[in-house]
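Have a look at the structure below before the remarks.
The values are calculated or read from the model by the stated rules, or taken from the named source; none is laboratory data. From a predicted model like this one, the values you see are computed outputs, not experimental measurements. Here the Cβ positions follow ideal geometry from the backbone for every residue, glycine too, while neighbour counts run over all protein chains shown. When the accessible area is computed, the model is the full protein with side chains, heavy atoms only, and any ligands, DNA or RNA have been set aside. Shrake-Rupley method; radii C 1.70, N 1.55, O 1.52, S 1.80 Å.
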Amino acid sequence: MTRRSARHGSFVLERSYRAVPARLFAAWAVPEQRQRWNVHGSWVVTEETFDFRQGGEELKRFGPPGDPVHVARTRYEDIVPGRRIVMSSTTRVRDVLTSVTLITVEIEPAGTGSRLAFT
Amino acid sequence: MSKHTAVHGTFALERTFPSAPERVFQAFADPKAKARWFAAPADWEQSRGKMEFKVGGKEHMSGAPPGHQQHVFDATYLDIVPNQRIVYVYEMHIGEAKISVSLATIEFKPAGKGTKLVLTEQGVFLDGYDDAGSRERGTKGLLDQLEAALR
């Protein structure tokens, strides 16, 4: 029998951006804009669906070039345009479930730019 | 502008039951067994939707305290390992307002002849809804009802 375990963790990231909240929100909401940043370093995305609406579900297959073994499935639980996105996401590596996360993105105006909190 | 707030909270509850993990798991997996304990207080008017206990499946419940707005529970199962683990995400609404989104993980571990259950909830409370620990208290109450149902 495979060993089953669950470890729980939480973290919060905060960033300030020069872009106004509407522009920052669009970087999540608009597929072409999200594709510009949503994979890190030299990794590639080989399959991606978009369904940015409350209750919408998306799939993203990604990983190192030639070996895209990660599959993330995301479901949008709450969307407040320009202000907030709440989503749940499962990540599988070679078909093994490795994590289930609840993500809240909050966007606030800060001066002429925005402050973003990612929990 | 301050209307759209988000307050984050996590709690974990542990209980040990004399029943075996298979039986405790069954109390979550079988709609009839679950209905015996996963329920609003007796004086609430409540209704229960179809429960689909499978990955990607949904569960829906609603109820209202006498003279108050409807409370709605909407869950989606994200991971199920028979007799060992259940992970689901759920939203709560009161009336028209979405008050919270939570990730719940329930682990079932053998403990002697019985079962140690660990329930962890990582939640976000929205738009000024002040939870003040009531979700944790409410969940403890549900586990009390589960304990009684397993007897």
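Structural remarks
- With respect to being within 10 Å of chain A (Cβ to nearest Cβ), in contact with a Phe, Trp or Tyr (Cβ under 8 Å, 6 or more places away or on another chain) and either among the β-branched types (Val, Ile, Thr) or open to solvent by less than 30 Å² (accessible area, probe 1.4 Å) (or both), B:Ala6 fits the description.
- Screening the range B:1-112 for strands (runs of 3 or more DSSP E) wholly inside it with 2 or more residues that are out of contact with any helix residue (DSSP H, G or I) (no Cβ under 9 Å at 6 or more places or on another chain) and of a type in the set (Ser, Thr, Tyr) returns the ranges B:6-17, B:71-81, B:85-94.
Conditions (1) closer than 17 Å to B:Leu142 by Cα; (2) more than 14 Å from chain A (Cβ to nearest Cβ); (3) modelled with pLDDT of 95 or more, marked per residue:
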site: B:Met1; (1), (2), (3): no, no, no
site: B:Phe17; (1), (2), (3): yes, yes, yes
site: B:Ala29; (1), (2), (3): yes, yes, yes
site: B:Lys50; (1), (2), (3): no, yes, no
site: B:Pro66; (1), (2), (3): no, yes, no
site: B:Tyr77; (1), (2), (3): no, no, yes
site: B:Tyr90; (1), (2), (3): yes, no, yes
site: B:His93; (1), (2), (3): no, no, yes
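- The one condition in (1) in contact with a Phe, Trp or Tyr (Cβ under 6 Å, 6 or more places away or on another chain); (2) within 14 Å of chain B (Cβ to nearest Cβ); (3) closer than 26 Å to B:Lys58 by Cβ that A:Gly82 fails to fulfil: (3)
- Verdict on B:Trp37 being under 20 Å from B:Ser134 (Cα atoms), open to solvent by less than 30 Å² (accessible area, probe 1.4 Å) and not charged (D, E, K, R): yes
- Verdict on B:Gly9 being under 30 Å from A:Gly111 (Cα atoms) and touching a residue at least 12 places away in the same chain (Cβ under 8 Å): yes
- Near pairs, Cβ below 9 angstrom, 6+ apart or cross-chain, from the range B:107-120 (without any contact (Cβ under 8 Å) to a residue 60 or more places away in the chain) to any residue that is open to solvent by 40 Å² or more (accessible area, probe 1.4 Å): B:Glu107/A:Arg4; B:Glu107/A:Ser5; B:Glu107/B:Gln84; B:Glu107/B:Lys116; B:Gly112/B:Thr16; B:Gly112/B:Pro18
- Checking each residue in the range A:101-114 for being more than 12 Å from every other protein chain (Cβ to nearest Cβ), open to solvent by 30 Å² or more (accessible area, probe 1.4 Å) and touching a residue at least 24 places away in the same chain (Cβ under 8 Å) picks out only A:Thr112.
- Selection within the range B:87-103 - small (Gly, Ala, Ser) and open to solvent by 10 Å² or more (accessible area, probe 1.4 Å): B:Gly95, B:Ala97
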